[in-house]
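The values are calculated or read from the model by the stated rules, or taken from the named source; none is laboratory data. Worth saying up front: this structure is predicted, and the values here are computed from it rather than measured. As a convention, Cβ positions derive from the backbone with ideal geometry for all residues, glycine included, and neighbour counts pool all protein chains shown.
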Amino acid sequence: MRTALLPLLSCLAQCFNFAGAFAQSSTNQTWAYRLVEGSYLVDDCLICERPTIQWPLRGTFNLALVEENPLFRRFAVRDINFVTRSDPPYVTTGQGTYQIGGEVALRQDMVLDVEVNGQRKIFTNDVATVERREPMIEIHLVQTNQDLIHFFSLDLVAAPVREIWFSTAHGMTTSNSNKTITFGDLISFSGRVVKSNADLVGHLGFMPPVPTLGIDAVDIASGGEILFSLNDAMFSEKLGQIGGGDVLSDRGRIVLKSADLMANFAPKPSLPDYGLDALMVMPDGEILFSITTNLMSATAGGITHGDILSYRVVGGAATNRVYKTNQQLLSAFRPANAAPNYGLDALYVWPSGEIWFSTETGFNSQIYGPVSDGDLLSDRGKIIFRNLELVSAFAPVEALTNFGLDALFIVTDVTAPVSPPKFLNLALNSQNGNVPLNWDGPGKVFQLEKAPDVVGPYLPITPIMVETNFTDVGTLTNSTKAFYRIRQW
């Protein structure tokens, strides 16, 4: 009976491709957005003297392009789901429209048709000025239908983020499952371990037993290869001496030695290892990074452990430059003491040029007050997430106010590849009803979706992951047909 069902099991490979820049969208694109720090629901009373109530607001929505012309782009705002951090909470759901463009000056307009705790409200922006470069959205909306007792407004600060992957400087124990998360694990702010420390270093050839090895920098390469560095130097039976500044791969190789990464700075003194605290490989192959030491360069002068440095190969020749100094990164925060170098532990550069990062040590901002080394920051002078919010899905039992932020990778629709993935084979197992699936593609991360029919609806059966294989257990015993597609970012 199971054998008879095999010809009816179909496999469909399909990829949703997103352009590399916001302005190059096509009308079949939908981007997932998430509210970040600075988003609020404000409750005013227009006829009484009670204080204005301002509640932090978090949530998600999808932005789908519906029309584009030389002057404007118009989007549908779908699946709005906002919740305040209050007791009881204000829950906002609904839809709307968003338009950005302009003939002379860039302007934005948003209209939201939503329900706030079951009551219909219409919001629109009272100021059309664009304060934040795309793909970020920062906008103030006011209620259009009058309510003298509860007059609501919304401050929305949103980024096209599906997931944030990171590592911490301190381990934690989850209160919901009593699971230990180490400072060497790559984790997601959704509350799961993306890659354990053992899996990250398992192919590097260390003599067992291997202790937890902290990771200092992370990026994901095409095909789901994880690039990272270690906190400390280690000797490998397979690769020899591995420095804390070497770029490593979870597939068991040294991608780039620290000395080669820094060679064209002509550092003085010349060292075999300069450490590696932050890492991102740009779409054009330029490697942005930070080191753990301060030094003098014959070509760039003084270099600090908080500067973003660049390594690029052009025409077969490697070049180095200082991409941005630590003072430039932090200037918009107006540190109370601007003299010290606060280090750089993690970074992510958006296509717009906006940089998200964390520092090695905390500082006092004249705008925000204390900023910790575990907070996720933007060089635009914005706090994206406080550290405890980043780890909140793990519900750690430890009474720490800061777990640190040592590595960073953003899963976003903005930077998805343009060529689709493909399934490599389909080997059905009629004995146990399993369907092992393998695929390949230029994406950095993947998600497998499944549907009962070719037209859908397709629903995820895996989290977003770096793996390029998955076994759908028991499918042949539960259904007569199934359709699969892969999404990649």
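General remarks:
- Filter result for Ile303 (among the aliphatic types (A, V, I, L, M), buried (at least 20 other Cβ atoms within 10 Å of the Cβ) and farther than 27 Å from Val161 by Cβ): yes
- Given (1) in contact (Cβ under 8 Å) with a residue 24 or more places away in the chain; (2) surrounded by fewer than 19 Cβ atoms within 10 Å (Cβ to Cβ), index of the condition Thr124 fails: (1)
- Some residue of the stretch 397-407 being assigned by TED's automatic domain parsing to the domain that holds Tyr342, assigned to a strand (DSSP E or B) and in contact with a strand residue (DSSP E or B) (Cβ under 7 Å, 6 or more places away or on another chain): yes
- Matching residues in the stretch 223-254 - criterion: being over 17 Å from Lys195 (Cα atoms), assigned to a strand (DSSP E or B) and in contact with an Asp or Glu (Cβ under 8 Å, 6 or more places away or on another chain): Ile254
- Out of Glu67, Glu103, one residue alone is among the charged types (D, E, K, R), in contact (Cβ under 8 Å) with a residue 12 or more places away in the chain, over 21 Å from Val157 (Cβ atoms) and assigned to a loop (DSSP other than H, G, I, E, B). It is Glu103.
- Residue selected from the stretch 232-248 under the condition within 31 Å of the chain's Cα centre (by Cα) and among the acidic types (Asp, Glu), by the criterion nearest to Met207 (Cα to Cα): Asp232
- Residues that are part of a strand (DSSP E or B) and either touching a residue at least 12 places away in the same chain (Cβ under 8 Å) or assigned by TED's automatic domain parsing to the domain that holds Met465 (or both), drawn from the stretch 170-197: Met172, Thr173, Thr174, Ile181, Leu186, Ile187, Ser188, Arg192, Val193, Val194, Lys195
- First in the stretch 250-273 and more than 19 Å from Met296 (Cβ to Cβ), second anywhere and among the polar types (S, T, N, Q) and surrounded by fewer than 18 Cβ atoms within 10 Å (Cβ to Cβ), Cβ under 6 Å, 6 or more apart: Val255/Ser249
- Exactly one residue out of Ala451, Ala427, Ala399, Ala482 is of a type in the set (Gly, Ala, Ser) and within 28 Å of Leu35 (Cα to Cα): that is Ala399.
- Qualifying residue in the stretch 472-486 (condition: free of Cβ contacts under 8 Å to residues at least 40 places away in the same chain, in a strand (DSSP E or B) and loosely packed, with under 14 Cβ neighbours inside 10 Å): no
- Evaluation of Leu148 against (1) assigned to a strand (DSSP E or B); (2) under 30 Å from Gln108 (Cβ atoms); (3) over 15 Å from the mean Cα position of the chain (by Cα) (one fails), failing number: (1)
For every residue, the table says whether it meets (1) within 19 Å of Leu377 (Cα to Cα); (2) in the same structural domain as Gly244 (by TED's automatic domain parsing); (3) at pLDDT below 95.
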residue: Leu276; (1), (2), (3): no, yes, no
residue: Gly301; (1), (2), (3): no, yes, no
residue: Gly316; (1), (2), (3): no, yes, yes
residue: Pro335; (1), (2), (3): yes, yes, no
residue: Ile355; (1), (2), (3): yes, yes, no
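- Conditions (1) within 26 Å of the chain's Cα centre (by Cα); (2) crowded, with 21+ Cβ neighbours inside 10 Å: number failed by Phe265: (1)
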